[in-house]
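Presented below is the structure to which this report refers.
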Amino acid sequence: MSDNAIKIFTGNSHPELAKLVAKRIGIDLAKAVVMKYSNQETSVTVGESVRDEDVFIIQSGCGEINDNLMELLILINACKTASARRITAVIPCFPYARQDKKDKSRAPITAKLTANMLTVAGANHVITMDLHASQIQGFFNIPVDNLYCEPSMIKYIRTKIPDWTNAIIVSPDAGGAKRATSIADRLELDFALIHKERKRANEVSRMVLVGDVVGKIAILVDDMADTCGTLGLAAKTLVENGAVKVYAIVAHGILSGKAIKVINESVIEKLVVTNTIPHQDKMAICPKLDVIDISPTLAEAIRRTHNGESVSYLFSHAPE
């Protein structure tokens with residue numbers, strides 16, 4: 001057991017999640033003031049000593065992404081120059097994770113740039129959840145723990161979806177097939193896949209279902225829902241193919257643009273997201289939205305990291 005203490009800081013991206021994590025560990029959040037000057041520069045003041053302490057900074061990549069990323073970098077650097085023993089960036093939803101490859105000429109690999117910035121700022125370790133592409137771990141030269149929402153999703157399906165034994169797990173695209181088959185295997189359910197053809201980014205032209213969903217409850221599983229165009233169309237395709245009900249379970253509910261309108265008007269029974277991104281304002285206008293709390297997983301990862309224990313238990317188990 002280390003003799004140094006856990007200090008948890010947070011910026012302005014998701015203070016509610018940081019409070020839940022700190023409460024779960026049984027400590028108060030460390031004092032820091034993160035604000036903007038009138039010229040829009042970010043100002044960070046660390047309000048207590050971090051010398052030789054084990055610092056964890058919780059900041060998600062959501063909302064004003066660039067401001068939140070800059071807050072995180074400045075917080076990391078402030079703790080580094082204040083002689084923290086180790087600094088772990090806890091980033092539930094990794095920013096720029098979709099810009100992870102050169103898919104057309106002159107495209108920047110911004111996820112790699114983000115990794116470089118975090119390392120240069122002074123992060124010694126990164127904890128994140130459900131990376132869009134797990135290769136992003138290789139963009140860092142420091143240890144990265146990529147935790148999964150999967151155990152929490154499985155727990156939700158078992159406890160909150162009535163008649164889940166008559167369900168089928170569906171991946172809305174080929175890229176998410178591995179995630180969906182893994183959940184289907186653990187629940188001993190069947191699996192189906194939707195092949196989508198895109199004309200341009202964020203716009204899906206047509207969908208083809210591979211698999212039989214007749215008379216079953218379809219559970220769509222994906223890593224993120226942004227404008228929800230894919231989910232809306234996928235749900236429609238499933239109902240046209242004979243599914244009784246359609247649920248959607250997503251790790252990161254970005255829900256930007258017309259997402260709420262699309263969900264409210266869709267045939268989806270419930271859209272279940274995790275709280276890697278704050279949703280209080282959206283829940284008021286979208287009765288179909290339900291949230292899984294992943295703070296116990298993050299808190300346990302922080303506790304295990306601090307005590308030098310293995311984190312791999314969390315890959316397959318959701319803490320009670």
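The values are calculated or read from the model by the stated rules, or taken from the named source; none is laboratory data. None of these values were measured; they are calculated from a predicted model. Cβ placement follows ideal geometry from the backbone for every residue including glycine, while neighbour counts extend to all protein chains displayed. Just so you know, the surface numbers come from the protein's heavy atoms only, side chains and all, with ligands and any DNA or RNA stripped out. Shrake-Rupley method; radii C 1.70, N 1.55, O 1.52, S 1.80 Å.
Annotations
- Sequence-distant aspartates and glutamates (8 or more away, or on other chains) whose Cα lies within less than 14 Å of Lys236: Glu265, Glu269
- Anchor Lys101: lysines whose Cα lies under 17 Å away (excluding residues fewer than 8 positions away in-chain): Lys112
- Rounded, prolate or oblate (a/c below 1.5 giving rounded, otherwise prolate when a/b exceeds b/c) for the stretch 69-225 by Cα gyration tensor: oblate
- For the chain, with all protein chains in place and a probe radius of 1.4 Å, 51% of the accessible heavy-atom surface sits on carbon or sulfur.
- Residues in the stretch 98-120 that a label on Ile65 would reach, taking backbone N under 13 Å of a point 7 Å out along Cα→Cβ: 98-101, 108-115
- Taking amide H positions as modeled 1.01 Å from N, with prolines and chain starts lacking one, the residues under 5 Å from Ile294 and 5 or more places away or on another chain are Asn275.
- Taking amide H positions as modeled 1.01 Å from N, with prolines and chain starts lacking one, the residues under 5 Å from Ala192 and 5 or more places away or on another chain are Ile169, Val170, Ser171.
- Alpha-carbon centroid distance for the pair the stretch 51-77 / the stretch 110-165, whole angstrom: 16
- The modelled label-to-label distance between Asn39 and Asp3, using points 7 Å beyond Cα along the C-beta direction, is 4.5 nm.
- Estimated inter-spin distance, Thr165 and Ala177, nm [label 7 Å along Cα→Cβ]: 3.0
- Value of [θ]222 nm, deg cm²/dmol, for the chain, DSSP H segments ≥ 4, -39500 (n - 2.57) each, nearest 500: -9500 deg cm²/dmol
- Only protein heavy atoms count here; on that basis, with a 1.4 Å probe, Phe315 has an accessible area of about 80 Å².
- When Kirkwood radius over Cα pairs in Å is computed from the coordinates, the matching label among [x] 20.5; [y] 23.1; [z] 22.0 is [x].
- Summarising the amide proton neighbourhood of Val90: residues at separation of 5 or more, or on other chains, whose placed amide H is nearer than 5 Å comprise Ile57, Ile58, Gln59, Ile127.
- Whole-Å semi-axes of the ellipsoid equivalent to the stretch 64-118 (Cα gyration tensor, √5λ, descending): 26, 11, 10
- Heavy atoms of Asp145 accessible to a 1.4 Å probe, total area in Å² rounded to 10: 40
- Exposure of Lys258 as accessible area (Å², to 10), given a probe of 1.4 Å and all protein chains: 150
- Gyration tensor verdict on the stretch 1-48 (Cα atoms; rounded if a/c is under 1.5, prolate if a/b is larger than b/c, oblate otherwise): oblate
- Accessible surface, per residue, of the chain when the full set of protein chains is kept, probe 1.4 Å, Å²: 46
- Cα gyration tensor shape for the stretch 125-196, rounded if a/c is under 1.5, else prolate or oblate: oblate
- Reach of Lys196 by Cα under 20 Å, taken over aspartates and glutamates that are not fewer than 8 positions away in the same chain: Asp103, Asp173, Asp212, Asp222, Asp223, Asp226, Glu240
- When DSSP beta bridges are restricted to pairs lying wholly in the stretch 187-283, around 35% turn out antiparallel.
- Most simply put, the chain has about 20% antiparallel DSSP beta bridges, counting only bridges with both residues inside it.
- Full-stretch length increase - Asp28, Ser49 - with 0.36 nm per residue and alpha-carbon distance subtracted: 6.1 nm
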